[in-house]
Amino acid sequence: MQIFIINFIVGLLIGMTGVGGFILPLFYISVLKMEVKDSFALSFSAFLVSGVIGSLTYVRMKLLEYKLAIKVAVGAFIGGIIGVLISSFIPDNTIKIFLYIIVFFAGVSTLINQNSKKESPLLQDNLFIITFSISVGIICSLAGAGGALIMVPVLIFLGYDVKKSVGIGIMSSVFVSLPAAIGYFIQSSDITLDVITIMHLAVHGLAVVIGARLSKIVNGRWLKLFIGFIAILSAIFLVMKEVL
């Protein structure tokens, strides 16, 4: 029941604000005491569902620039594969610390996220976009986080439109999560894609749809600030708990 509830809550947050997915692996690892690979297998499966739903929403709103999206997708997919392969050689405790650090910086970026006045020429540099996307894929697949966690704040910093940045970020999560979910299921000790797991994913997907509808009446800015503070405090607490 706890997994159903957390998947529904996180789905709502993603639907309303585009952020909050990092809560899933944090909850699985720190509250349910699941193995890292097991928690990542479930988390990336959920990110894949929410990413597809979110991407289709942004396509319908014409806020997904295909030229950039294709380059990001290729890089994120390659990075996702590399990250999962690397994870098999890294101790679980190290991966947990890495997750907590990424969550901390995600929280900070949520609080200070602002658009630049001018679009950077780097956004037109194919080599930069592919290299950056591969790096995002590697980092996120290693940390159990969706691609939007890093992709969105960097694109906004480079002057890309805020709403389009969120669309690209959500789409990148699909291409990070696909190889990551498969890879972590293979490495997982006892998580299988059974009826219960599929129901968790269905609940998560339904919540994303509901959250997207609620976004029209909910103050997304204040909700993002709340999520940012929770991320920072949680990351600090968990890092201290792990190293002390």
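Every number in this text was worked out from the coordinates using simple rules, so none of it is lab data. This structure is a prediction, so every number in the text was calculated from the model and none was measured. Cβ coordinates were reconstructed from backbone atoms using ideal geometry, including for glycine residues, and neighbour counts include every protein chain displayed.
Go through Lys96/Lys164; Lys67/Lys163; Lys33/Lys241; Lys37/Lys164 and tell me which ones have a Cα-Cα distance over 24 Å in this structure. Violating the 24 Å Cα-Cα cut-off are Lys96/Lys164; Lys37/Lys164.
Placing dummy labels 7 Å off each Cα toward the beta-carbon, the span from Thr131 to Glu65 is 2.0 nm.
From Cα pairs below 8 angstrom and at least 6 apart in sequence, can you work out the relative contact order of the chain, rounded to a whole percent? Relative contact order here is 39 percent. Between Glu35 and Phe226, the FRET efficiency estimated from the beta carbon spacing at R0 = 41 angstrom works out to 0.90. Report note on the peptides 56-62, 78-84: ranked by the mean count of other C-beta atoms within 10 Å, highest first, their order is 78-84, 56-62.
What you get for the chain, charging only the Cβ of Lys and Arg (+1) and of Asp and Glu (-1), is a dipole of about 840 debye around the Cα centre. As a rough footprinting exposure proxy, the listed residues Val136, Val74 were ranked by other beta carbons within 10 Å of their own, and the order from fewest upward is Val74, Val136.
Placing unit charges on each Cβ (+1 for Lys and Arg, -1 for Asp and Glu) gives the chain a dipole about its Cα centre, and among Phe226, Ser141, Met199 the Cα reaching farthest toward its positive end belongs to Phe226. Each of Leu111, Ile78, Met240 was placed along the dipole of the chain (beta-carbon charges, centred on the mean Cα), and the one lying farthest toward the positive end is Leu111. Comparing Cα centroids, region 222-239 and region 1-61 end up 16 angstrom apart. Under 19 Å from a point 7 Å along the Cα-to-Cβ line of Asp190: which residues of region 31-64 have their amide N that close? Under 19 Å, as judged by backbone N against the label point of Asp190, lie 31-43 of region 31-64. Please check which bits of region 1-33 a label hung off Leu56 would reach, taking the label as a point 7 Å along Cα-to-C-beta and the cut-off as backbone N under 16 Å. Zone members listed by number: 15. Hydropathy at least -1.0 by Kyte-Doolittle, axial extent at least 20 angstrom from the Cα trace: which helices of the chain, defined as entire DSSP H runs, fit? Length and hydropathy pass: 2-17, 36-60, 66-87, 92-112, 126-143, 162-187, 195-214, 220-243.
Rounded to the nearest 500, the helix-only mean residue ellipticity at 222 nm of the chain stands at -26500 deg cm²/dmol, with each DSSP H run of n ≥ 4 adding -39,500 (n - 2.57).
Rg/Rh for region 57-135 (Cα atoms only, Rh after Kirkwood) is 1.04.
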